[in-house]
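Report on the structure given below.
The values are calculated or read from the model by the stated rules, or taken from the named source; none is laboratory data. If you're wondering where the values come from, they're calculated on a predicted model, not measured in any experiment. Reconstructed Cβ throughout: ideal geometry from the backbone, glycine too, with neighbour counts over all protein chains shown. Only protein heavy atoms, including side chains, enter the accessible area calculation; ligands, DNA and RNA are left aside. Shrake-Rupley method; radii C 1.70, N 1.55, O 1.52, S 1.80 Å.
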Amino acid sequence: MGCSVLVAEQPLLATAQGAAAVYPQRPLRAAPAELAVVMIGGFGDEISGIIEQTARFMPPLAKHEARAYYHWNGGVPADAAQGVRLIAEHVRRFQQSNPQASVVLLGHSFGASTALQVAQLLAPPTQAQVESRGRILLLTIDPSDRMVQPKRPAAVTWWGNCYVVHSQSDHDFIVEWGGRWGHCQEADVNIRFDGRRTDEYGQQFIHDNALALLLSARGSGSRSLYQWVLALLNQGSPAT
């Protein structure tokens, strides 16, 4: 059976320099869906489109899925904290309209830090809601942000993290400067990718190849992050 992915559109947003973003945000709508996938790009993703394109090409996780895309600052270059609050408010509205739907928060680089901060603003389910409310699954792809500690948010049901070591990319000085998290002790799953190795298509594992880091099973462990989430959603209950 086919899958439907609901993608919200929005006019071009201004970047910090005042120029129009090449890859504009597509905010999460409160339309009916069984799953929301909120994908958050890293620093400069409005120009590079690393996660914007991942949002377009990642296979669906559910039959009726709402998929959204945000910049790491939530589209508020002057106040990233306000942008984090705006994303969290969009997620809350979706949850109110779809109380049984799960939410996947997926962030890359600085966007992974944003995803974790969004999860921190979401309320964990009460004891009475545990069986009836959807879950929050957090995915962090080679996260970076020395200003934020990788502490597990109370609302998160399951956290999967992946990271690159021995990267062969010249661009990695940016993520290292930003403060790469690497292994996150409080995550349920950590997948380590060796930058001297390649994915299933012969491409080296580098920070900028977020789609490979998400989909490839050639890191440490037997499943990719995508496979983990798909299995958890199909099981109906989280497992580590």
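One line per residue, one yes/no per condition, for (1) in contact with a strand residue (DSSP E or B) (Cβ under 6 Å, 6 or more places away or on another chain); (2) of a type in the set (Asp, Glu); (3) under 14 Å from MET39 (Cβ atoms):
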residue: LYS63; (1), (2), (3): no, no, no
residue: ASN73; (1), (2), (3): no, no, no
residue: PRO99; (1), (2), (3): no, no, no
residue: LEU106; (1), (2), (3): yes, no, yes
residue: ALA115; (1), (2), (3): yes, no, yes
residue: PRO124; (1), (2), (3): no, no, no
residue: ILE136; (1), (2), (3): yes, no, no
residue: VAL148; (1), (2), (3): no, no, no
residue: SER169; (1), (2), (3): no, no, no
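Pick out the one residue from VAL148, VAL164 that is aliphatic (A, V, I, L, M) and part of a loop (DSSP other than H, G, I, E, B).
The match here is VAL148.
Just to be sure before I move on: is ASP142 open to solvent by less than 10 Å² (accessible area, probe 1.4 Å), of a type in the set (Asp, Glu) and modelled with pLDDT of 90 or more in the structure I sent?
Judged against the criteria, ASP142 is a match.
Among what's in the stretch 155-187 and is more than 16 Å from GLY107 (Cβ to Cβ), of a type in the set (Asp, Glu) and open to solvent by 40 Å² or more (accessible area, probe 1.4 Å), pick the residue that is modelled with the lowest pLDDT.
Checking each candidate, the answer is ASP170.
Rundown of residues vs (1) among the aromatic types (Phe, Trp, Tyr); (2) in contact with a Ser or Thr (Cβ under 7 Å, 6 or more places away or on another chain); (3) on the phi > 0 side of the Ramachandran plot; (4) without any contact (Cβ under 8 Å) to a residue 12 or more places away in the chain, yes/no style:
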{"position": "TYR69", "(1), (2), (3), (4)": "yes, no, no, no"}
{"position": "ASN98", "(1), (2), (3), (4)": "no, no, no, no"}
{"position": "SER109", "(1), (2), (3), (4)": "no, yes, yes, no"}
{"position": "ALA115", "(1), (2), (3), (4)": "no, yes, no, no"}
{"position": "ILE136", "(1), (2), (3), (4)": "no, yes, no, no"}
{"position": "THR140", "(1), (2), (3), (4)": "no, no, no, no"}
